[in-house]
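The values are calculated or read from the model by the stated rules, or taken from the named source; none is laboratory data. None of the values given here were measured: they were computed from a predicted structure. Glycine gets a Cβ as well: all are built from the backbone with ideal geometry, and neighbour counts include every protein chain shown.
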Amino acid sequence: MREIDRVTTEKFGVPSLTLMENAGTAVARFVLAQYRKAWRFTIFCGKGNNGGDGFVAARKLGDEGRRVTVVLLCDPSELKGDAAEMFKRMRQDPLVVKTTEELKSEAVLQALKTEVIIDAVLGTGFRPPVTWLYAEAIAAMNASKRPVVAVDIPSGADADSLSPLLPKEGRNGAPDVRARADHVVTFTAARPAHVFGGLTRGETFVAQIGSPEEAIQSALNLHVTTPRDFAPLLADRVPDGHKGTYGHALVVGGSVGKSGAVAMAGTSVLRSGAGLSTIATPRSVLPQVAAFTPEIMTEPLLETDLGTIAPEADEQMERLLDGKDVVALGPGIGRYPATVDFVRQLVEHCKVPMVIDADGLNAFEGHTDKLSGAKRPLVLTPHPGEMSRLTGLATAEVQKDRIGVARKFASEHRCFVVLKGHRTLIALPDGAVWVNTSGNPGMATGGTGDVLTGIVAGMMAQTDDVAMAVRAAVYLHGLAGDVAREKVGEASLIAGDLIAWLPEAFKRAKASLGARGFSFHG
């Protein structure tokens with residue numbers, strides 16, 4: 001972020017004072033929108049640029065007629081650069097606190113009884129340890145019962161952390177060195193801790209403050225998906241479009257007792273915007289699949305005595321693949337040895353872009369040398385257990401290094417890996433990793449993965465840009481889950497709810513394209 005800010009100023013001519021002005025303005029806008037009825041605000045400010053953002057927010061809130069108390073945790077003479085300039089522009093007289101004893105004064109105690117606290121003490125440039133005065137100020141904010149909005153990041157948090165952060169002991173036994181946050185307002189791009197650190201149960205808002213897209217580069221080759229990253233797939237349709245314009249997906253799967261998986265995948269293809277969806281499934285399973293959604297076409301496949309797809313069905317696939325834009329393989333297909341043979345044969349011979357999920361992936365346990373995206377785009381959508389079987393690593397090892405495992409497998413096999421879970425990852429063949437922030441724990445229920453498979457296939461049917469299609473699918477899948485949570489709650493959420501609320505997810509994603517930033521929870 002320091003490099004992005006430097007490039008923004010030196011190469012693109014955006015003054016650093018403008019960036020700070022825009023940052024503080026974004027904080028003020030956020031809290032005014034989030035706490036519409038609040039009149040009294042207290043802002044704790046450190047002596048660095050985070051405090052400078054707080055000074056701007058104080059001025060902006062004052063302009064809106066709010067009563068603002070600024071608690072400055074240093075002597076004003078210690079302020080430097082942009083922070084010092086913004087302090088001069090601030091119209092409020094600060095409450096200057098230079099010692100821990102002064103933090104216990106009646107004036108500070110009264111300030112803590114405000115309606116909303118804004119934490120502008122330490123930003124993402126902070127490196128441990130927290131000084132005693134700042135640690136005591138953090139403890140005071142944490143002990144209050146007032147909502148806290150963090151500027152940039154909760155004070156004391158390590159912005160580079162890729163795992164949930166827990167409060168720690170500070171120097172000399174100083175109290176809690178990480179501020180709690182009900183919401184976070186950060187700028188330009190999310191840092192690792194915003195996405196993976198569990199910094200807040202509320203909203204994290206990433207405000208755009210003036211850095212052009214060309215300046216925003218990730219040294220980690222790690223990116224957060226937003227609707228802007230798949231905007232073409234949200235565009236209005238052309239007046240003369242027809243079902244062929246939007247692609248034809250073939251979904252291969254199902255077995256006796258698992259017809260719902262392939263049926264949901266096939267339905268999700270259509271709900272995601274594809275023009276046509278055909279499901280190829282064992283002959284005895286076909287009636288249940290056909291009854292699921294009338295808009296789906298079906299094809300009967302030769303089957304084993306157990307009601308799974310027989311290896312001889314491979315001969316049928318040449319005809320079925322003709323005219324298809326993408327193949328989704330795996331939902332409900334089972335692990336019967338003869339069916340495993342069919343799966344491997346199909347993947348070996350298929351030249352159409354493919355999505356492989358569930359037991360379609362398990363068929364390659366110990367045989368990942370047969371998984372390659374070299375001859376056509378290949379998307380794999382494993383959960384951690386399936387990733388464990390593909391890599392030979394224990395599930396715990398996969399979870400410990402999700403980014404590294406997904407990135408390595410995608411690069412080695414020249415494929416796209418969608419590693420499902422909290423903060424689903426999309427690893428690209430070129431080594432880039434995209435992180436998804438939509439979705440919620442209510443989606444931890446049977447069938448949601450089959451819905452994702454269908455959405456991925458449906459999106460791939462509509463574009464040759466596989467990376468964009470997968471980003472869109474994963475984000476919209478999670479957003480549909482978030483809408484479903486609003487409607488039915490987490491405990492009652494089922495996979496079919498995602499299909500039902502996918503149209504609303506499209507609407508919300510499209511509506512967000514003009515926003516000054518983006519937000520996510522957790």
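Let's see how each residue does on (1) crowded, with 22+ Cβ neighbours inside 10 Å; (2) closer than 23 Å to residue 485 by Cα; (3) in contact with a helix residue (DSSP H, G or I) (Cβ under 9 Å, 6 or more places away or on another chain):
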| residue | (1), (2), (3) |
| --- | --- |
| 402 | yes, no, yes |
| 413 | no, no, yes |
| 419 | yes, yes, yes |
| 424 | yes, yes, yes |
| 449 | yes, yes, yes |
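Hand me the list of helices (runs of 4 or more DSSP H) wholly inside region 441-522 holding 2 or more residues that are more than 20 Å from residue 276 (Cα to Cα) and charged (D, E, K, R).
Counting at least 2 such residues, we get 466-488, 495-511.
Within region 213-320, which strands (runs of 3 or more DSSP E) (wholly inside it) include 3 or more residues that are aliphatic (A, V, I, L, M), within 34 Å of the chain's Cα centre (by Cα) and within 25 Å of residue 360 (Cβ to Cβ)?
248-252, 276-282
Do you know which residues across region 289-310 are surrounded by fewer than 17 Cβ atoms within 10 Å (Cβ to Cβ) and more than 22 Å from residue 461 (Cα to Cα)?
Of everything in region 289-310, those that are surrounded by fewer than 17 Cβ atoms within 10 Å (Cβ to Cβ) and more than 22 Å from residue 461 (Cα to Cα) turn out to be 291, 302, 305, 306.
Hey, can you tell me all the residues within region 330-369 that are of a type in the set (Ser, Thr, Tyr) and not in a helix (DSSP H, G or I)?
336
Inspect all residues belonging to region 263-286 and state whether any of them is touching a helix residue (DSSP H, G or I) at 6+ places or on another chain (Cβ under 6 Å) and either surrounded by fewer than 19 Cβ atoms within 10 Å (Cβ to Cβ) or not assigned by TED's automatic domain parsing to the domain that holds residue 496 (or both).
no
Against the conditions (1) in contact with a strand residue (DSSP E or B) (Cβ under 9 Å, 6 or more places away or on another chain); (2) free of Cβ contacts under 8 Å to residues at least 40 places away in the same chain; (3) hydroxyl-bearing (Ser, Thr, Tyr), where does residue 42 fall short? Just the number, please.
If we test residue 42 against (1) in contact with a strand residue (DSSP E or B) (Cβ under 9 Å, 6 or more places away or on another chain); (2) free of Cβ contacts under 8 Å to residues at least 40 places away in the same chain; (3) hydroxyl-bearing (Ser, Thr, Tyr), just (2) comes out false.
Please work out which one of (1) buried (at least 23 other Cβ atoms within 10 Å of the Cβ); (2) touching a residue at least 40 places away in the same chain (Cβ under 8 Å) is the condition residue 313 fails and give its number.
(2)
Taking the criterion of being surrounded by fewer than 24 Cβ atoms within 10 Å (Cβ to Cβ) and either more than 15 Å from the chain's Cα centre (by Cα) or assigned by TED's automatic domain parsing to the domain that holds residue 382 (or both), would at least one residue in region 468-476 satisfy it?
yes
How many residues does region 316-345 hold that are more than 19 Å from residue 257 (Cβ to Cβ) and surrounded by 24 or more Cβ atoms within 10 Å (Cβ to Cβ)?
Looking only at that region, the number is 3.
Only one of 62, 81 is of a type outside the set (Ser, Thr, Tyr) and on the phi > 0 side of the Ramachandran plot; which?
81
Here is a yes/no grid of residues against (1) surrounded by fewer than 16 Cβ atoms within 10 Å (Cβ to Cβ); (2) without any contact (Cβ under 8 Å) to a residue 12 or more places away in the chain; (3) more than 30 Å from residue 162 (Cα to Cα):
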{"site": "61", "(1), (2), (3)": "no, no, yes"}
{"site": "64", "(1), (2), (3)": "yes, no, yes"}
{"site": "70", "(1), (2), (3)": "no, no, yes"}
{"site": "76", "(1), (2), (3)": "yes, no, yes"}
{"site": "87", "(1), (2), (3)": "no, no, yes"}
{"site": "105", "(1), (2), (3)": "yes, yes, yes"}
{"site": "112", "(1), (2), (3)": "no, no, yes"}
{"site": "118", "(1), (2), (3)": "no, no, no"}
{"site": "125", "(1), (2), (3)": "yes, no, no"}
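Determine if region 426-441 includes at least one residue that is touching a Pro at 6+ places or on another chain (Cβ under 8 Å), crowded, with 20+ Cβ neighbours inside 10 Å and not charged (D, E, K, R).
no
Starting from residues that are among the hydroxyl-bearing types (Ser, Thr, Tyr) and out of contact with any Gly (no Cβ under 9 Å at 6 or more places or on another chain), keep the ones in region 384-425 and report whichever is nearest to residue 443 (Cα to Cα).
Among them, the one singled out is 388.
Of 495, 509, 444, 500, which residue is surrounded by fewer than 24 Cβ atoms within 10 Å (Cβ to Cβ), out of contact with any helix residue (DSSP H, G or I) (no Cβ under 9 Å at 6 or more places or on another chain) and of a type in the set (A, V, I, L, M)?
Step by step, each of 495, 509, 444, 500 is checked, and only 444 is surrounded by fewer than 24 Cβ atoms within 10 Å (Cβ to Cβ), out of contact with any helix residue (DSSP H, G or I) (no Cβ under 9 Å at 6 or more places or on another chain) and of a type in the set (A, V, I, L, M).
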